[in-house]
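Working notes, structure below.
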Amino acid sequence: MRAEAIKIKVFHETDEGDELRCEFLLHHTPGFTSGLPENCYPDEDDVDDPEYFLNDEYISEDDLPDSLQEIATRMYEDYSDFEYTEVRQYED
């Protein structure tokens with residue numbers, strides 16, 4: 001099987017009506033589990049560093065307002081609590 005990259009975009013609307021967006025790539029390489037044990041290997045996942053956007057303008061993690069720091073971390077570490085999209089891309 002081919003490796004795939006999943007572009008994840010996570011969205012959060014603040015109480016003030018601003019939109020914070022977090023984007024990152026999740027790289028997934030399927031494992032191989034049939035045949036001789038020496039030819040088998042598990043699935044592998046790797047995640048790129050996040051990029052943040054406030055109202056569609058790039059903002060570095062260090063420049064995020066203090067009120068958004070914790071939210072930004074949660075958006076990256078456990079995005080299932082937020083609205084998000086996934087777009088799958090295959091890598092050769």
Fill in the blank from the handout: Filtering region 1-37 for residues that are more than 16 Å from the chain's Cα centre (by Cα), farther than 18 Å from residue 63 by Cα and hydroxyl-bearing (Ser, Thr, Tyr) leaves a count of 2
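Taking into account only those residues within region 8-45 that are β-branched (Val, Ile, Thr) and surrounded by 15 or more Cβ atoms within 10 Å (Cβ to Cβ), which is modelled with the lowest pLDDT? First the steps, then the outcome.
In the first step, residues of region 8-45 are kept if they are β-branched (Val, Ile, Thr); the result is 8, 10, 14, 29, 33.
When the remaining residues are screened for being surrounded by 15 or more Cβ atoms within 10 Å (Cβ to Cβ), the result is 8, 10, 29.
Working: 8: 95, 10: 98, 29: 84.
For region 8-45, the residue satisfying everything is 29.
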Practice task
With respect to residue 21, determine if the residue is among the basic types (Lys, Arg) and outside any strand (DSSP E or B).
Solution key: no
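Mind listing whichever residues of region 42-79 are in a helix (DSSP H, G or I), within 15 Å of residue 25 (Cα to Cα) and among the hydroxyl-bearing types (Ser, Thr, Tyr)?
So the first thing to find is which residues in region 42-79 are in a helix (DSSP H, G or I), and the list is 61-63, 66-77, 79.
Subsequent filtering for residues that are within 15 Å of residue 25 (Cα to Cα) retains 75-77, 79.
Across region 42-79, the qualifying residues are 76, 79.
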Exercise for the section: Collect the residues in region 46-69 that are surrounded by 10 or more Cβ atoms within 10 Å (Cβ to Cβ) and within 16 Å of residue 7 (Cα to Cα), keeping them in residue-number order. Expected result: 46, 47, 48, 50, 51, 52, 53
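The values are calculated or read from the model by the stated rules, or taken from the named source; none is laboratory data. What you see is a predicted model; the values in this text were computed from it and never measured. Positions of Cβ are generated from backbone atoms using ideal geometry, with glycine treated the same way; all protein chains shown enter the neighbour counts.
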